[in-house]
Ligand SMILES: NC(=O)c1ccc[n+]([C@@H]2O[C@H](COP(=O)([O-])OP(=O)(O)OC[C@H]3O[C@@H](n4cnc5c(N)ncnc54)[C@H](OP(=O)(O)O)[C@@H]3O)[C@@H](O)[C@H]2O)c1
């Protein structure tokens, strides 16, 4: 699958490295294409990592990942060019700067706002409820970490779930995109537990009977 990743920081390069290792074609959308930035990209995402400008990374991709800080998400969407029909994976969390709360929520969500900025894309909220260490390796002694996702397009959700499963997650369909109102506060819970517990080595898992 051809994947364009806008936001080549912790989340973007961790996801990209995982997908590159599983045979996907990944292009990172960078604001700076200088030699130093490209070397930093390869150090984080692997020697096979390729960079392009954000619109170039999105242009050939079936799946576009938004992994920027929330405050840059609108600019990232605007800079990604024509997203019509593409699967748009939203990994952002609308966090307040002090990580003590969300900028918005419960009556709407970052995922829904982002969908409003890219109305012709097929948005799935995913990869926002755990840390990058778990994205790099979702296996825990009790089993695979859960990866909750939500969206309004069934086919886009299947694609998102299969990309999560490729990384080793147990994908869990959380319903329509409005469930991002629940997944974003869940991310905040993960952050509080990680900070207060002094470890980022934790992830959510769903048990059933
Ligand atoms: N870190 C985690 O464990 C984690 C887990 C789940 C979700 N999240 C969420 O995922 C998002 C990314 O987090 P992160 O930790 O990966 O952040 P990060 O390491 O700071 O990386 C953010 C990246 O976004 C890029 N960027 C900023 N504005 C851009 C624009 N207009 N166009 C293209 N790229 C742009 C930055 O580019 P430069 O390299 O040019 O500065 C940087 O590479 C956040 O919304 C965060 O809440 C994070």
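Brief remarks on what is shown
- Computed P(r) (all Cα pairs; the stretch 1-154; 5 Å bins; percent): 2, 10, 19, 23, 21, 15, 8, 3, 0
- Cα gyration tensor, the stretch 13-66 - rounded (a/c under 1.5), prolate or oblate: oblate
- Most mobile listed residue (185, 141, 119) in the chain, GNM with C-alpha springs under 10 Å: 141
- Per residue, the convex hull spanned by the Cα atoms of the stretch 72-209 amounts to 118 cubic angstrom.
- Inverse of mean 1/r across different Cα pairs in the stretch 77-123, Kirkwood, Å: 11.7 Å
- Extension gain for the segment residue 98 to residue 140, taken as residue separation times 0.36 nm less the Cα-Cα distance, is 12.2 nm to one decimal.
- Using a cutoff of 8 angstrom between alpha carbon atoms and counting only pairs six or more residues apart, the relative contact order for the stretch 54-148 works out to 26 percent.
- Using a cutoff of 8 angstrom between alpha carbon atoms and counting only pairs six or more residues apart, the relative contact order for the chain works out to 18 percent.
Bear in mind these aren't lab numbers, they're just calculated from the coordinates by the rules spelled out. Quantities reported herein were computed from a predicted structural model and do not represent experimental measurements.
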